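Novice: The structure under discussion is supplied below as structure tokens; questions concerning it will follow.
The values are calculated or read from the model by the stated rules, or taken from the named source; none is laboratory data. Just so you know, these numbers come straight off a predicted model, no measurement behind them. With ideal geometry, Cβ positions are generated from the backbone for all residues, glycine too; neighbour counts draw on all protein chains shown. Ligands, DNA and RNA are excluded from the accessible area calculation, which covers all protein heavy atoms including side chains. Shrake-Rupley method; radii C 1.70, N 1.55, O 1.52, S 1.80 Å.
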Amino acid sequence: MAVITVLGAGMMGSAFCVPLVDRGHDVRLVGTHLDAAIIESLRARAFHPTLKLDLPASIRPFFAAELEEAVRGADILAFGVSSAGIRWATKTITTHARPGVPLVMITKGLELDGEAGRLLVLPDVVRRGLPEEVRASVSPAAVAGPCIAGELARRVPTSVVVTGRDGEALDKLGSALRGPYYHVFPCADVIGAEVCAALKNAYAMGVALGAGLHEKNGGAPGSVAMHNWESAVFAQAIREMMRIITMLGGDPMTATGLPGVGDLDVTMNGGRTGRFGRLLGLGIGAREAVARMEGATLECLEILDVMRRALPAYEARGELGPGELPLLRKLIAIALDDAPVEMPFDSFFGA
Ligand SMILES: NC(=O)C1=CN([C@@H]2O[C@H](COP(=O)(O)OP(=O)(O)OC[C@H]3O[C@@H](n4cnc5c(N)ncnc54)[C@H](OP(=O)(O)O)[C@@H]3O)[C@@H](O)[C@H]2O)C=CC1
Ligand SMILES: O=C(CO)COP(=O)(O)O
């Protein structure tokens, strides 16, 4: 049994606690400064208001102000925040991180190092923010792969990878996290897994445009749909994720496994991103689509913005051709510049 403290009580941070308490760990879930209503509800009746689910009462909820108590004696620290909260979480944990205590995040995203003009995977971003004495012995890890929070919280069999740069630490984390319905596979390719974790959000939005386009054209959901359109976008998405992984020095084959194909499938079908893509496909424009998502976390917009800023730097160094990644460029235009929803199919598949 380990003491595991999860910082961030959103949907996924909280769902992540379920397989862990089921394994018999002492799990402490700490809300951020804005998660107080969630923590209050969990304390009062073990009900999570955004998951809309009862959670096991054995998960111990803590308010942000109680962080010190929640991390006392922790064997594993976990970040449950979204990509927008990663800097905050790193700063917040700084005084509590200890040498040798593993740190794992469920957060999906990439950051751009503006000065170097290079994309950074989140485990490396977090590592940079840790105190020097901790950095020497802690190499942050991340969970990637297909996982809808509400399904995991209902104990639906779920398969993910845990990735990072310290192989020994990954094996230990895998042993601590996995359980009868939470299947955790170590993945040494941190670049590949993290590129997929972040980019599948952009591409899932792209595939889901098809559902909205179909409805916009008067179609009802059913066997006669736009699956031909969607499948071509899906296939091109995998090609582009492989290209970006190669550009960043990872293993492109990672895109064919859980972090790539697996997560793209689950996100377009069951994720918030899929719902957002459908709204864009209806042709209502990004602003209205965001409004209709009622404040839901939409990391597709964040990663598209990061990629829009990153691509010129990679092109300027000759690491990427101007005609490459036509799907990603189109998705940037649709979601960030309100371009019409249409696909440049003839530029796909290496044409
Ligand atoms: N939902 C899912 O099915 C899955 C989600 N993930 C990943 O998990 C991460 C969290 O997603 P999810 O739980 O669904 O999202 P939620 O919106 O439910 O929760 C987001 C969490 O991040 C915190 N947060 C957001 N912005 C900030 C900020 N600027 N500063 C501090 N904290 C912040 C929120 O705190 P506050 O309320 O205070 O803003 C909240 O605790 C994402 O990276 C997502 O990709 C991974 C697999 C599945
Ligand atoms: O990452 C996810 C599934 O693995 C969930 O994605 P959404 O943010 O689209 O809900």
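Novice: From the residues in segment 186-240 that are of a type in the set (D, E, K, R) and under 20 Å from residue 262 (Cβ atoms), which one is farthest from ligand 2 (Cβ to nearest atom)?
Specialist: Once the filter is applied, the top-ranked residue is 239.
Novice: Please go through segment 50-93 and pick out each residue that is within 12 Å of ligand 1 (Cβ to nearest atom), within 29 Å of residue 139 (Cβ to Cβ) and aromatic (Phe, Trp, Tyr).
Specialist: Selection gives 79, 88.
Novice: On to the next question. Does residue 195 satisfy the condition of being at pLDDT 95 or above and in a strand (DSSP E or B)?
Specialist: When the stated conditions are applied, residue 195 does not pass them.
Novice: Filter segment 136-154 for residues that are more than 12 Å from ligand 2 (Cβ to nearest atom) and under 23 Å from residue 275 (Cα atoms); which is surrounded by the fewest Cβ atoms within 10 Å (Cβ to Cβ)?
Specialist: This residue is 154.
Novice: Which condition breaks for residue 21 when tested against (1) surrounded by fewer than 14 Cβ atoms within 10 Å (Cβ to Cβ); (2) under 24 Å from residue 181 (Cα atoms); (3) not hydroxyl-bearing (Ser, Thr, Tyr)?
Specialist: With (1) surrounded by fewer than 14 Cβ atoms within 10 Å (Cβ to Cβ); (2) under 24 Å from residue 181 (Cα atoms); (3) not hydroxyl-bearing (Ser, Thr, Tyr) applied to residue 21, the lone miss is (1).
Novice: Further question on the same structure: Kindly establish whether residue 215 is surrounded by fewer than 21 Cβ atoms within 10 Å (Cβ to Cβ), of a type in the set (Asp, Glu) and closer than 30 Å to residue 332 by Cβ.
Specialist: So residue 215 passes the test.
Novice: Let me ask something additional. Aliphatic (A, V, I, L, M), part of a loop (DSSP other than H, G, I, E, B) and within 23 Å of the chain's Cα centre (by Cα): which single residue out of 89, 84, 78, 97 fits that description?
Specialist: Of the residues listed, the single one that is aliphatic (A, V, I, L, M), part of a loop (DSSP other than H, G, I, E, B) and within 23 Å of the chain's Cα centre (by Cα) is 97.
Novice: For segment 233-299, list the helices (runs of 4 or more DSSP H) that sit wholly inside it and hold at least 3 residues that are of a type outside the set (Asp, Glu) and open to solvent by less than 20 Å² (accessible area, probe 1.4 Å); which are they?
Specialist: The helices (runs of 4 or more DSSP H) meeting that bar are 272-281.
Novice: Let me ask another. Just for segment 333-351: of the residues that are outside any loop (DSSP other than H, G, I, E, B) and buried (at least 19 other Cβ atoms within 10 Å of the Cβ), which one is nearest to the chain's Cα centre (by Cα)?
Specialist: 335
Novice: Please pick out the residue among 67, 51 that is within 16 Å of ligand 2 (Cβ to nearest atom) and over 20 Å from residue 120 (Cβ atoms).
Specialist: 51
Novice: Still on this structure: If a residue has to be farther than 22 Å from residue 255 by Cα and within 17 Å of the chain's Cα centre (by Cα) to count, how many in segment 151-178 make the cut?
Specialist: Residues flagged as farther than 22 Å from residue 255 by Cα and within 17 Å of the chain's Cα centre (by Cα) within segment 151-178 amount to 3.
Novice: So residue 74 fits all but one of (1) crowded, with 20+ Cβ neighbours inside 10 Å; (2) over 15 Å from residue 28 (Cα atoms); (3) small (Gly, Ala, Ser); what number is the exception?
Specialist: The one condition residue 74 does not meet is (2).
Novice: From (1) closer than 24 Å to residue 75 by Cα; (2) part of a helix (DSSP H, G or I), pick out the condition that doesn't hold for residue 32.
Specialist: (2)
Novice: Also: Out of the residues in segment 155-176 that are part of a helix (DSSP H, G or I) and crowded, with 21+ Cβ neighbours inside 10 Å, which is farthest from ligand 1 (Cβ to nearest atom)?
Specialist: So, considering only residues that are part of a helix (DSSP H, G or I) and crowded, with 21+ Cβ neighbours inside 10 Å, the one farthest from ligand 1 (Cβ to nearest atom) is 169.
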